[in-house]
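Below is one structure, written out as structure tokens; comments come after it.
The values are calculated or read from the model by the stated rules, or taken from the named source; none is laboratory data. Please read all numbers here as calculations on a predicted model, not as lab measurements. Please note: Cβ atoms are built from the backbone with ideal geometry, for glycine as well, and neighbour counts cover all protein chains shown. Remember, those area values only see protein heavy atoms, side chains included, never the ligands or the DNA or RNA. Shrake-Rupley method; radii C 1.70, N 1.55, O 1.52, S 1.80 Å.
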Amino acid sequence: MLLELKKVFQNDGESISVDYDLPMNDVEFYGVCPFKTPVKVHAEAKNRASLVDLKIIVDFIYTRQCDRCLKLLQKPMHYEFDHKLAVSLMSESDEDYIETPDYKLELDEVVKTDIILELPAKFLCSEDCKGLCMKCGKNLNEGDCGCDKGSVDPRLEILKQLID
Ligand SMILES: [Zn+2]
Ligand SMILES: [Zn+2]
């Protein structure tokens, strides 16, 4: 989605907004694509006293395994991002601004970067997820597997005897 911002930059109070679906099924996060359905994007650029603000609101379904029990989860996500736009930057240190040469902005790249930076590094089905049994691999949220959790791995047992 290419935003044409010339009118917005040149007129105080002027604004434009767009709503569209952005497919992100080519984006990988930790080796898998968590975006099975398109991201719903609402973006609004508004001229406020000759400065142009860009507000981005996204809604999407985040599909990812729980880090502990590996259950596949689908979580609705809602993020909002604010940026300032400038036709040209005064210096490299203007990190808050996005440069929009020729009054044009390729919105898709901004949205993708915003989302990827915001995605949680850790993802659990619940804060107290019990995870998987280290011995039999059963999901312990679904009940106990009956394995003896107190016993030590036999290889460690041998080590222990050697040390003793
Ligand atoms: Zn879990
Ligand atoms: Zn078990």
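Kirkwood-type hydrodynamic radius, segment 41-101: 14.2 Å, calculated from all non-identical alpha-carbon pairs. Against the empirical curve 2.2 N^0.38 Å, the C-alpha radius of gyration of segment 20-60 lands at a ratio of 1.57.
To the nearest 10, the accessible area of T113 is 70 Å² with a 1.4 Å probe. Look at the dipole of the chain built from charges on Cβ: of V18, L73, L140, the Cα furthest out on the positive end belongs to L140.
When all protein chains stay in place and ligands, DNA and RNA are ignored, the 1.4 Å accessible-area order of D108, D59, largest first, is D59, D108.
Averaging over all projection directions, the Cα-based convex hull of the chain occupies 15.2 nm² in the image plane. Residues of segment 30-54 with an amide N closer than 17 Å to a point placed 7 Å from the Cα of Q65 along the Cα-to-Cβ direction: 30-36.
Placing dummy labels 7 Å off each Cα toward the beta-carbon, the span from Y30 to E109 is 2.8 nm. In segment 73-146, the convex hull through the Cα atoms has an average projected area of 8.1 nm², a quarter of its surface area. Among the GluC sites (Glu not before Pro) within segment 1-107, those in coil by DSSP and having at most 13 neighbouring Cβ atoms inside 10 Å are E28, E92, E95.
Note on E4/K138: beta-carbon distance plugged into 1/(1 + (r/R0)^6) with R0 of 45 Å gives a FRET efficiency of 0.20. Between helix 107-118 and the chain there is an angle of about 30 degrees, using the helix long axis and the longest principal axis of the Cα atoms.
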